[in-house]
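Structure first, commentary second.
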Amino acid sequence: MTTRHRIAPTGPEFSRLIYGTWRILDEADKANCTPQALLGRFKACADLGITTLDTAEIYGTYHVEEAIGGALKLDPAFRDKIEIVTKSGIYIPCEFHPERKTAFYNAEAARIVKSAEKSLRLMGIDHIDLLLVHRPDWLTSADETAAGLNKLLKDGKIRSAGVSNYNVHQFELLNSRMDQPLVTNQVEFSLLHMDPIYDGTADQCQRHRILPMAWSPLAKGALMADTAATAPLRAKAAELAAKYDGATLDQLAYAWIMAHPSTPLPIIGTNKLERIQAAAKAATIKLEREDWYALWVAAKGHGIP
């Protein structure tokens, strides 16, 4: 069973690992995408202690939230056993909006409120545990974005607010306009994408005592590819396996992220139950300091500075 963490001093408690729903409809066998199948997978995650679901308005070209709602409708009581994170702010040409010619961001107050209300309706829920602004909108002021989030918080439609893919300056600016502090920044973080360690994101989260969320912790699958670039990591993982009870590279990769003092919450994105179970086991791995750095060296291809 994975542990739970309060993601901010006044924020909600989330599971140590988060189940990402980006690709839950990307199955060749559509029997795996039915409401029954999805509910079964969500319950399997919950049984492993992975009680937090991450989704977004845009996922599945705007179909995933509705699919989640279809699953929850089969067992309304299950909603009280999980936490739901969703994101808004990215709009692309699609079947619902054929008039759109170009993808764009929109984090205006009215748009944020409208998108959140749509998410509530599609998922059949009365509140969102955490709403994230999916990406910074360069044409919307922090005052305007905060106005939308603050209204949703005041109205009880969301319990907390955060951001995704914001740099440290964008985070500080928006946070300065919030009635209730932002509780997280969801960013890309993996052994093959270490930017949060270097660009100040992880340090900022520690300063505010909030926990970042790590999307694509396996580098969009590249970490698991049998390539020359990943050969040193695969070799190091094989060397460390016996020391960590047969841990695989993906398990060590999750453990590597979770070992950082900013306490990132990795978002796992697989549809396969056996890989979900393996990820849950990774939450029990406590990497020794030298082994953490050994994985860093293997990923970077050179020693520390």
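Observations
- The residue of the stretch 101-123 that is farthest from Leu174 (Cα to Cα), among those that are in contact with a Phe, Trp or Tyr (Cβ under 9 Å, 6 or more places away or on another chain) and in a loop (DSSP other than H, G, I, E, B), is Ala103.
- Residue count, the stretch 127-150 (criterion: within 16 Å of Asn167 (Cβ to Cβ) and either modelled with pLDDT under 95 or touching a strand residue (DSSP E or B) at 6+ places or on another chain (Cβ under 9 Å) (or both)): 9
- Any hit, the stretch 190-208, residues being out of contact with any Pro (no Cβ under 7 Å at 6 or more places or on another chain), open to solvent by less than 10 Å² (accessible area, probe 1.4 Å) and under 30 Å from Asp29 (Cβ atoms): no
- Residue that is surrounded by the most Cβ atoms within 10 Å (Cβ to Cβ) [pool: residues in the stretch 262-278 that are touching a Pro at 6+ places or on another chain (Cβ under 8 Å) and either without any contact (Cβ under 8 Å) to a residue 40 or more places away in the chain or closer than 27 Å to Cys33 by Cβ (or both)]: Pro266
- For Gly156: the one exception among (1) within 22 Å of the chain's Cα centre (by Cα); (2) surrounded by fewer than 18 Cβ atoms within 10 Å (Cβ to Cβ); (3) within 22 Å of Thr52 (Cβ to Cβ): (1)
- Note on the stretch 241-261: residues that are part of a helix (DSSP H, G or I) and either charged (D, E, K, R) or crowded, with 17+ Cβ neighbours inside 10 Å (or both) total 12.
- Of all residues in the stretch 128-153, those being open to solvent by 30 Å² or more (accessible area, probe 1.4 Å) and touching a Gly at 6+ places or on another chain (Cβ under 8 Å) number 1.
- Some residue of the stretch 68-81 being surrounded by 18 or more Cβ atoms within 10 Å (Cβ to Cβ), at pLDDT 95 or above, assigned to a loop (DSSP other than H, G, I, E, B) and in contact with a Leu (Cβ under 9 Å, 6 or more places away or on another chain): no
- Considering residues of the stretch 163-181 that are open to solvent by less than 20 Å² (accessible area, probe 1.4 Å) and touching a residue at least 40 places away in the same chain (Cβ under 8 Å) only, the residue nearest to the chain's Cα centre (by Cα): Ser164
- Just one of (1) part of a helix (DSSP H, G or I); (2) open to solvent by 10 Å² or more (accessible area, probe 1.4 Å); (3) touching a His at 6+ places or on another chain (Cβ under 7 Å); (4) not polar (S, T, N, Q) fails for Gly221. It is (3).
- For Asp199, the criteria (1) closer than 24 Å to Ala8 by Cβ; (2) acidic (Asp, Glu); (3) at pLDDT below 95 hold in every case but one, which is (3).
- Screening the candidates Ala294, Ala238, Ala299 for the property of being among the small types (Gly, Ala, Ser), open to solvent by 60 Å² or more (accessible area, probe 1.4 Å) and more than 20 Å from the chain's Cα centre (by Cα) yields one hit, Ala238.
- Sole exception among (1) surrounded by fewer than 17 Cβ atoms within 10 Å (Cβ to Cβ); (2) over 30 Å from Val168 (Cβ atoms) for Lys281, by number: (1)
The values are calculated or read from the model by the stated rules, or taken from the named source; none is laboratory data. As the structure is a computational prediction, the values presented were derived from the model and not from experiment. A quick note on method: Cβ atoms are made from the backbone with ideal geometry, for glycine too, and the neighbour counts reach across all protein chains shown. In case anyone asks, the SASA skips ligands and DNA or RNA and just uses the protein heavy atoms, side chains included. Shrake-Rupley method; radii C 1.70, N 1.55, O 1.52, S 1.80 Å.
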